[in-house]
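As structure tokens, the structure follows; a few thoughts come after it.
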Amino acid sequence: MAKKNLNEMSFLDHLEELRWLLVRSTIAILILATVTFFISDYIFDEIIFGPTNANFITYRFFCDLSNQLGFAETICVTEMPFIIQNTNMEGQINVLIWTCITAGFILGFPFILWEVWKFISPALYDTEKKHAKLFIFSSSLLFFLGVLFGYFVIVPMSVNFFATFTISPVVKNQFSIDSYIGMVKTSVIACGLFFELPIIIYFLTKLGLVTPVFLRKYWKYAVIIILIVAAIVTPPDVVSQIIVTIPMLLIYEASILISKIVVKNQKKVNG
């Protein structure tokens with residue numbers, strides 16, 4: 001196997017490379033944010049505020065599923081008893097700007113990955129550098145799957161739960177637009193990044209910081225954490241919690257499998 005193509009670079013040289021990585025990534029995000037600005041009406045009305053509609057696809061899916069499982073209509077959503085309001089004079093402008101930037105980040109994620117790959121590639125073996133396209137494709141695919149999971153599963157479940165939760169009939173739910181948009185952005189980005197776990201585990205295993213034995217040893221703790229997260233973001237019913245838990249467990253299991261493959265390949269090379 002060819003040795004790593006290590007260029008003699010000083011610490012300041014690495015910082016300079018990192019700076020340009022951030023500059024190019026920021027420019028790409030801003031360009032895409034500008035593009036999304038021209039379709040912002042659709043983004044807000046059809047996408048972001050979609051889960052506030054009782055006819056949203058996720059609510060219909062759970063309603064049909066509950067009927068098929070014999071739960072009658074226990075988890076059917078018929079109304080959303082809340083309103084979204086703006087309480088700051090510049091609130092809607094700020095929301096528009098940051099939403100476009102967030103959309104730019106999501107759409108520009110493959111480009112950011114490419115920049116990251118170029119930054120770390122000098123420390124990789126020549127054979128590993130050939131996997132650039134696979135890295136970009138698989139990482140982007142996982143990220144977008146996570147974004148979709150967050151949007152179609154986590155967000156509507158959270159909206160439904162918080163919309164119907166009340167400590168007293170006296171209190172009416174009136175959510176600020178900042179709070180609602182923040183929940184949507186956090187759920188979508190967090191899920192997207194969580195689905196990157198197999199890729200992260202791959203590099204951590206390559207660096208010797210993580211082993212499949214370690215991941216398997218703490219599997220039960222990971223399950224507990226995942227169950228807690230699922231219980232927090234879902235309504236108090238078993239079906240919803242299972243739907244959230246299973247994909248997250250599969251991601252963790254995939255990470256263990258990838259770690260095993262990396263260790264096995266390293267043993268072949270060294271042996």
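The values are calculated or read from the model by the stated rules, or taken from the named source; none is laboratory data. Worth saying up front: this structure is predicted, and the values here are computed from it rather than measured. So basically every Cβ, Gly included, is an ideal-geometry build from the backbone, and we count neighbours across all protein chains shown. Accessible surface areas use protein heavy atoms only, side chains included; no ligands, DNA or RNA. Shrake-Rupley method; radii C 1.70, N 1.55, O 1.52, S 1.80 Å.
Calculated [222 nm] ellipticity per residue, helices only, for the chain: -22000 deg cm²/dmol; basis is -39500 (n - 2.57) per DSSP H run with n ≥ 4, divided by all residues, nearest 500. Ligands, DNA and RNA are left out, and with a 1.4 angstrom probe the accessible area of the range 114-187 is 53 Å² per residue. Beyond 27 Å between alpha-carbons counts as too far, so tell me which of 185/217; 130/217; 118/206 fall in that bin. Long pairs (Cα-Cα over 27 Å): 185/217; 130/217. For the chain, the longest principal axis of the alpha carbon atoms and the long axis of helix 91-107 meet at an angle near 40°. As a fraction of the 1.4 Å probe accessible area of the range 135-192, surface on carbon and sulfur atoms comes out at 76 percent. Between the helical axis of 57-68 and the longest alpha-carbon principal axis of the chain there is an angle of about 70 degrees.
Taking Cα centre as origin and charging only the Cβ of basic (Lys, Arg, +1) and acidic (Asp, Glu, -1) residues, the dipole magnitude of the chain rounds to 1440 debye.
Could you tell me how many degrees, from 0 to 90 and to the nearest 10, lie between the Cα long axis of helix 238-270 and the main elongation axis, the longest principal axis, of the Cα atoms of the chain? Approximately 0 degrees, to the nearest ten. What the Cβ-Cβ distance of residue 84 and residue 138 gives, at R0 = 41 Å and to the nearest 0.05, is a FRET efficiency of 0.65.
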